[in-house]
Amino acid sequence: MVRRRYTRWLLIGVLLALASLALGSPPGGLASPAGGVSSARAGARVAVAAPADAEAAPASALPQLRETRVGVVYSSSEIGIYLAQERGYFAEQGLTADYVRFDSGAFAVTPLSVGDLEASSGVVSAALFNAMNRGVDVRLVSPQSRYDLGYSQLIMDVRKDLADAGAIRDYADLRGRNIGIMSFGSTVELVAERALQRGGLTADDVNLVQMGAADQITALGNRAIDVGLMTEPQATIAQDRGAAVKWREAAEWSPGIQVSNILYGPNYTVRDVDAGQRFMVAYLKGVRDYYNAIIANRGGREEIIDVLMRQTPYKDRALYDRILWVYIDPNLRLNEDDLRTTMQWFVSKGLLDRAPELSTAVDNRFLQHALSQLGPWQ
C-alpha cells in the first residue's frame with residue numbers, strides 16, 4: 001500500500017525550492033523514473049518486503065528490527081541499498097528499510113534535516129551545498145556513484161538523422177546546437193560545459209535546454225533538440241526507439257566525477273550514531289555484492305538484474321544487456337579533489353556564495369567504521 005508523505009515536507013520543500021531559485025539555482029536533483037528533475041510534489045512512502053534471504057536474519061531477531069527511513073528515487077545507483085535490504089544485511093544490523101520515494105533527491109534534504117528520514121541518496125548539487133551553508137543539518141557520509149569509463153551512466157545522444165549524416169563527429173560540431181540537459185545547477189550542467197570545452201566552445205555557443213530524459217527522447221524524435229545528455233536507461237531507450245544514437249559517455253571527457261552520495265540527517269549524525277554506523281556496514285556489503293557481480297564479473301549478474309527489476313520501473317530484462325552500468329567503488333572512496341572542484345564551479349557560476357568546508361560537508365565516521373568492520377575489498 002502506498003501512503004502519501006507528510007504535507008509539511010511538501011510545504012517546506014517548496015519554500016527551499018523558492019529560496020534556491022532566488023539564489024539562481026533550481027532545485028536540481030536525481031533523475032525521476034522518467035529521467036527528469038521533478039516538480040515539488042509529494043513522494044510516496046512504500047512498505048518494504050522482508051529480506052529475500054530469510055536465513056540472513058534469525059526469526060527471533062525480526063521483532064527487534066528498527067525501522068530506518070531511507071529516501072530513494074528509483075535509481076540503479078541505489079542498488080547497494082536495495083541489496084542490503086533484500087539480502088538481509090540491514091536485518092543483521094538490527095535494521096529494516098522503509099523506503100520513502102521522491103521525484104528528486106533534492107526534496108529529501110528537508111525531511112532529513114528535521115528528522116523525518118534517517119538516510120537518503122542524493123546528488124552533488126548547488127542546492128545541497130546552499131542548504132549546508134544555511135545551516136541545514138545534512139551530511140554527505142559516503143559516495144554512491146561516479147563516472148568511470150565504461151560505467152558512465154550519463155551519455156550524450158545525437159539525433160539519429162544528424163548521426164547518419166555525419167553532422168556531429170567531434171565536440172566542435174556541437175556549435176549552434178540545441179542540447180537537452182536534465183538539470184541546471186548540478187553536475188549535469190558541469191559535465192555539459194566540459195564537453196563543450198573539448199571542442200573549444202562555451203555555453204554561449206549552444207542552446208542548453210533543461211528537460212527531463214523522457215522529454216529529451218520525445219524532443220529528439222521530433223527534432224526539437226539535436227543532442228540529449230541523459231542517464232541510462234533512457235539513453236539506450238532513445239536509441240532503441242530510433243530517435244537518437246548513443247555518441248559519447250561522460251567519462252570520456254569528465255572521468256571520475258562524483259555524482260551521487262549517501263546523505264544522513266541528525267537522527268544518525270547526532271542522535272543515534274551507532275545505528276548510522278550499522279546502516280553503513282549493511283550498505284557497504286550491498287555495494288560489494290553489486291561490484292563483485294557487475295564490475296568484477298564474479299557471478300551473480302542475473303540476481304542483481306532481478307533486484308533492479310523489482311525495485312525500479314524498468315521491467316524489460318533485455319534492456320539490462322544494452323545499458324552502461326553505474327560505477328560504485330567497493331571501498332566507497334570519495335573523490336575529495338573532484339568534490340572541491342565542483343563546489344568551486346558552483347561558486348564561479350554564481351550558484352553558491354561560498355564552498356562549505358569539506359570537513360563540514362562530509363562526515364567520514366560512518367564509512368571508517370564500516371571499513372574497520374569489513375576490511376578493504378578483495
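Under the condition of being out of contact with any Gly (no Cβ under 7 Å at 6 or more places or on another chain) and either in a strand (DSSP E or B) or buried (at least 21 other Cβ atoms within 10 Å of the Cβ) (or both), the residues counted in region 255-271 number 4. For region 272-300, a residue qualifies if it is over 21 Å from the mean Cα position of the chain (by Cα), free of Cβ contacts under 8 Å to residues at least 40 places away in the same chain and in a helix (DSSP H, G or I), and exactly one does: D274.
Take the residues in region 329-378 that are out of contact with any Asp or Glu (no Cβ under 9 Å at 6 or more places or on another chain) and of a type in the set (F, W, Y); name whichever of them is modelled with the lowest pLDDT. Taking the candidates together, the pick is F346.
Every test in (1) surrounded by fewer than 24 Cβ atoms within 10 Å (Cβ to Cβ); (2) within 15 Å of the chain's Cα centre (by Cα); (3) more than 25 Å from S254 (Cβ to Cβ) is passed by F102 save one, and that test is (1). In region 112-134 there is no residue that is within 27 Å of A275 (Cβ to Cβ), basic (K, R) and assigned to a strand (DSSP E or B).
Restricted to region 137-159, and to residues that are charged (D, E, K, R) and more than 19 Å from L208 (Cα to Cα), which residue is surrounded by the most Cβ atoms within 10 Å (Cβ to Cβ)? The selected residue is R146.
In the set (1) surrounded by 24 or more Cβ atoms within 10 Å (Cβ to Cβ); (2) under 16 Å from the mean Cα position of the chain (by Cα), T110 fails one condition alone, (2).
Could you check region 331-348 and list, in sequence order, the residues that are free of Cβ contacts under 8 Å to residues at least 40 places away in the same chain and farther than 13 Å from V141 by Cα? Give the steps one after another, and end with the answer.
From region 331-348, those free of Cβ contacts under 8 Å to residues at least 40 places away in the same chain are 336-337, 340-341, 344, 347-348; that's our starting set.
Of everything in region 331-348, those that are free of Cβ contacts under 8 Å to residues at least 40 places away in the same chain and farther than 13 Å from V141 by Cα turn out to be D337, R340, T341, Q344, V347, S348.
Restricting attention to region 166-187, does a residue exist that is surrounded by fewer than 24 Cβ atoms within 10 Å (Cβ to Cβ) and under 24 Å from Y82 (Cβ atoms)? Within region 166-187, not a single residue is surrounded by fewer than 24 Cβ atoms within 10 Å (Cβ to Cβ) and under 24 Å from Y82 (Cβ atoms). Only one entry of Q344, Q311, Q373 meets the criterion of being crowded, with 18+ Cβ neighbours inside 10 Å and among the polar types (S, T, N, Q), and that entry is Q311.
The values are calculated or read from the model by the stated rules, or taken from the named source; none is laboratory data. On a predicted model such as this, the values are computed, not experimentally measured, just so you know. Note that each Cβ is placed from the backbone with ideal geometry, even for glycine, and that neighbours are counted across all protein chains shown.
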